[in-house]
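Undergrad: Next up is a structure, given as structure tokens.
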Amino acid sequence: MANEKRLQILKLISERELGVGELASLVGLSQSALSQHLAKLRADQLVVTRRDAQSIYYSTSHSGVCSILKTLSAMSRTEDQRHAS
């Protein structure tokens, strides 16, 4: 989760299940680069997949991921406010 793109991916799929093509477009990565990030997230058991014919859809693996993302977002806002002061 130390990578900004992986955090962005997790945030998006915590909101709703997304297919690879749509996810690549939303995060601004090629499908090849996105696949590498998704492989890392799968290895860390942070995402799950669902296959529908030729398409693969991603979602977060459990509610703990959403809690972590909310905490990180709150910490980031606090840090941004400190720098703005």
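Undergrad: If a residue must be exposed (fewer than 11 other Cβ atoms within 10 Å of the Cβ) and basic (Lys, Arg), how many such residues does segment 45-59 contain?
TA: Counting residues in segment 45-59 that are exposed (fewer than 11 other Cβ atoms within 10 Å of the Cβ) and basic (Lys, Arg) gives 1.
Undergrad: Cβ-Cβ below 6 Å, separation at least six or inter-chain, first residue in segment 17-32 and farther than 16 Å from residue 60 by Cβ, second of a type in the set (S, T, N, Q): which pairs?
TA: Note: pairs meeting the criteria are 24/31.
Undergrad: Inside segment 37-47, can you point out the residues that are out of contact with any strand residue (DSSP E or B) (no Cβ under 6 Å at 6 or more places or on another chain) and modelled with pLDDT of 90 or more?
TA: 37, 38, 39, 40, 42, 43
Undergrad: Any idea which of 59, 67 is out of contact with any strand residue (DSSP E or B) (no Cβ under 7 Å at 6 or more places or on another chain) and either in a helix (DSSP H, G or I) or at pLDDT 90 or above (or both)?
TA: 67
The values are calculated or read from the model by the stated rules, or taken from the named source; none is laboratory data. Computed from a predicted model, the values in this text were never measured in an experiment. For neighbour counting, all protein chains shown are included, and Cβ atoms are generated from backbone atoms with ideal geometry for every residue, glycine included.
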